[in-house]
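The values are calculated or read from the model by the stated rules, or taken from the named source; none is laboratory data. Values in this document were obtained by computation on a predicted structure and should not be read as measured data. Reconstructed Cβ throughout: ideal geometry from the backbone, glycine too, with neighbour counts over all protein chains shown.
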Amino acid sequence: MTNPRVLIIGGGPTGLALALWLTKLGVAVRIIDKTAEPDTTSRALAVQVRTLEFYRQVEMADALIERGVKVAGVNLWVKGAKAARVPIQNIGERLSPFPFALVFPQDAHERLLIERLDALGVKVERRTELVRFEQQRESVRATLKRPDGSEEVCEASYLAGCDGARSTVREALAIGFPGGTYEGLFYVADVEASGPATDHELHVDLDEADLLMVFPMKGKGCVRLVGTVREEPCGADRELTFDDVSSRAIEHLKLTIAKVNWFSTYRVHHRVAHRFREGRAFLLGDAGHIHSPVGGQGMNTGIGDAVNLAWKLATVLNGSAAESLLDTYEPERIGFARRLVATTDRVFTFATKRSPIAQRVRTMLVPRVVPLLFRLPALRRLLFQTVSQIGVNYRDSSLSGGKAGAVRGGDRLPWARTAPDQDNFAPLVSLTWQVHVYGEPRPGVAEACAELRLPLHILAWQAEIRRADLMARALYLVRPDGYVALADPSADAGRLRHYFDER
């Protein structure tokens, strides 16, 4: 497609997710990537619950779960012995249809997205790169370099920079990318091994200031080691190998390594772009924010960017909203990115600090205190909401208003089971604005929804819905991405009309 509505630069998870959502919403896209083929190795592993909820909307969640590994527990090791185990199986029960932690490598994740796009007739154009672009009043004109070295001009309504930390789009827009780089190197190694740390659970060695974690992978004895390296190889020409770091994994975690399938090192940065939008060009994923891998948030945050922007672009392009709707993308996503970078920075700093006090806290206090804290329901709930990203909200957005029960405009719609095999998330697969009422709707609501062409979903009031902090007979206007736009306890039809009139 020579002249799409949206030109996507970058074929990683963020760009692929954006292409999938836009295509599902009926928007013509073109996605290019300068690499010759998809990555066969990757660093990102965790697929957070909120990402699975998004994928359920496009009927992809089950495929990820089937191909991934559910993690039942986190094991803390000290001095070559398991010091504590924290059970996390179904940690988010009653909070999400996906109450578990899932590991699914980024390369396999990308292949699945590519498969879904192929089925929809969208293919990533490989060995094709952005040379330059210029913004016009109603379009973006981008010069692309084809695989044979020739150039072409592609005109699109909007351009999405999903092209990673060294983003060509961000540099062309002259958007600052402040932050820094952590000391030392990270390494990742996919290995086939045996031993107590190959039980399909997560294992963390707390002994030293060079972080070491073992993640389960699909297949018997397959694990991924992720660690930091303090002592870098001597000599500019010498690269680190697995032999340089394997002894600690073998000694501390009692692993017997049979085969090393992949080993790589990289540096970790923490940065957030000054802006996520300039005119008709947007930054998403690593092009706009990068941080330490603590908590497995990076790839998931990029996919969240993609979902947020996709429905807004589609709404504007199909003429259902003014272009000012796109002004909400940056404030909704940049605030979360800044908080995330600050949080992961603090956790990473603590996990790798070399002082004697920090080491004593890690090895003596953490194994004793963490299992006890996890027994507190309120803390388990808070931790799940934070790590899973279901706690991300847009309460300060201009699109958010009202409060009904504990739910405010801008919150993710709370999940509730409505029958043994049914829930209130089922209607979200339509990817449209909709109204939810739990219990008997008040007079005028059905008429207002019909007038505004809003699907009205009436769900019978029951105990499960009450436990989800939803309010009986209140009106919840839900955005295409599953966030509550308006929460109205009185279910005033006039207020619903006014919401759309003023926006």
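At-a-glance table
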{"quantity": "Helices (runs of 4 or more DSSP H) enclosed by segment 319-387 - at least 1 residues per element that are surrounded by 18 or more Cβ atoms within 10 Å (Cβ to Cβ) and among the hydroxyl-bearing types (Ser, Thr, Tyr)", "calculated": "329-352"}
{"quantity": "Segment 309-318: number of residues that are touching an Asp or Glu at 6+ places or on another chain (Cβ under 6 Å) and not in a helix (DSSP H, G or I)", "calculated": "0"}
{"quantity": "Hits in segment 112-153 - residues which are farther than 21 Å from Val169 by Cα, among the charged types (D, E, K, R) and crowded, with 16+ Cβ neighbours inside 10 Å", "calculated": "Arg116"}
{"quantity": "Yes/no for Ala81 being outside the structural domain of Gly302 (by TED's automatic domain parsing) and either closer than 30 Å to Leu255 by Cα or aliphatic (A, V, I, L, M) (or both)", "calculated": "yes"}
{"quantity": "Flag for Asp39 being of a type in the set (Asp, Glu) and modelled with pLDDT of 95 or more", "calculated": "no"}
{"quantity": "Cβ-Cβ under 8 Å pairs, at least 6 apart or on other chains, segment 315-327 side farther than 13 Å from Leu399 by Cα and not assigned by TED's automatic domain parsing to the domain that holds Ser430, far side of a type in the set (Asp, Glu) and assigned to a helix (DSSP H, G or I)", "calculated": "Val316/Glu323"}
{"quantity": "Among (1) modelled with pLDDT of 90 or more; (2) assigned to a loop (DSSP other than H, G, I, E, B); (3) among the hydrophobic types (A, V, I, L, M, F, W, C), the one test that Cys234 misses", "calculated": "(1)"}
{"quantity": "Output for segment 255-273, where each listed residue is surrounded by fewer than 17 Cβ atoms within 10 Å (Cβ to Cβ) and in contact with a helix residue (DSSP H, G or I) (Cβ under 9 Å, 6 or more places away or on another chain)", "calculated": "Thr256, Val260"}
{"quantity": "Positions within segment 263-278 being within 30 Å of Glu192 (Cβ to Cβ), assigned to a strand (DSSP E or B) and not polar (S, T, N, Q), in sequence order", "calculated": "Phe263, Tyr266"}
{"quantity": "The one condition in (1) touching a residue at least 12 places away in the same chain (Cβ under 8 Å); (2) part of a helix (DSSP H, G or I); (3) closer than 29 Å to Ser264 by Cα that Ile31 fails to fulfil", "calculated": "(2)"}
{"quantity": "So Leu240, is it assigned to a loop (DSSP other than H, G, I, E, B) and under 29 Å from Met213 (Cα atoms)", "calculated": "yes"}
{"quantity": "Of the criteria (1) farther than 18 Å from Asp243 by Cβ; (2) at pLDDT 90 or above, which one Val223 fails", "calculated": "(1)"}
{"quantity": "Positions within segment 216-228 being among the aliphatic types (A, V, I, L, M) and not in a strand (DSSP E or B), in sequence order", "calculated": "Met217"}
{"quantity": "Residue that is part of a loop (DSSP other than H, G, I, E, B) and not basic (Lys, Arg), where the choices are Leu130, Leu112, Leu144, Leu95", "calculated": "Leu95"}
{"quantity": "Subset tally (residues that are among the hydrophobic types (A, V, I, L, M, F, W, C) and either within 13 Å of Thr128 (Cβ to Cβ) or surrounded by fewer than 24 Cβ atoms within 10 Å (Cβ to Cβ) (or both)) for segment 1-28", "calculated": "7"}
{"quantity": "Lone qualifier among Glu115, Glu110 - being touching an Asp or Glu at 6+ places or on another chain (Cβ under 8 Å) and not assigned by TED's automatic domain parsing to the domain that holds Ala197", "calculated": "Glu110"}
{"quantity": "Strands (runs of 3 or more DSSP E) contained in segment 156-215 and holding at least 1 residues within 20 Å of Leu284 (Cα to Cα) and at pLDDT 95 or above", "calculated": "158-161"}
{"quantity": "Given (1) modelled with pLDDT of 80 or more; (2) touching a helix residue (DSSP H, G or I) at 6+ places or on another chain (Cβ under 6 Å); (3) among the small types (Gly, Ala, Ser), index of the condition Gly335 fails", "calculated": "(2)"}
{"quantity": "Among the residues listed as Ser96, Ser167, the single one being in contact (Cβ under 8 Å) with a residue 60 or more places away in the chain, buried (at least 21 other Cβ atoms within 10 Å of the Cβ) and not assigned by TED's automatic domain parsing to the domain that holds Gly26", "calculated": "Ser96"}
{"quantity": "Condition met for Glu37 (outside any loop (DSSP other than H, G, I, E, B), assigned by TED's automatic domain parsing to the domain that holds Leu130 and either among the charged types (D, E, K, R) or more than 14 Å from the chain's Cα centre (by Cα) (or both))", "calculated": "no"}
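Okay, residues lined up against (1) touching a Pro at 6+ places or on another chain (Cβ under 8 Å); (2) in contact (Cβ under 8 Å) with a residue 60 or more places away in the chain:
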site	(1), (2)
Asp39	no, yes
Met60	no, no
Ala72	yes, yes
Gly80	no, yes
Ile91	yes, yes
Phe104	no, no
Asp107	yes, yes
Glu110	yes, yes
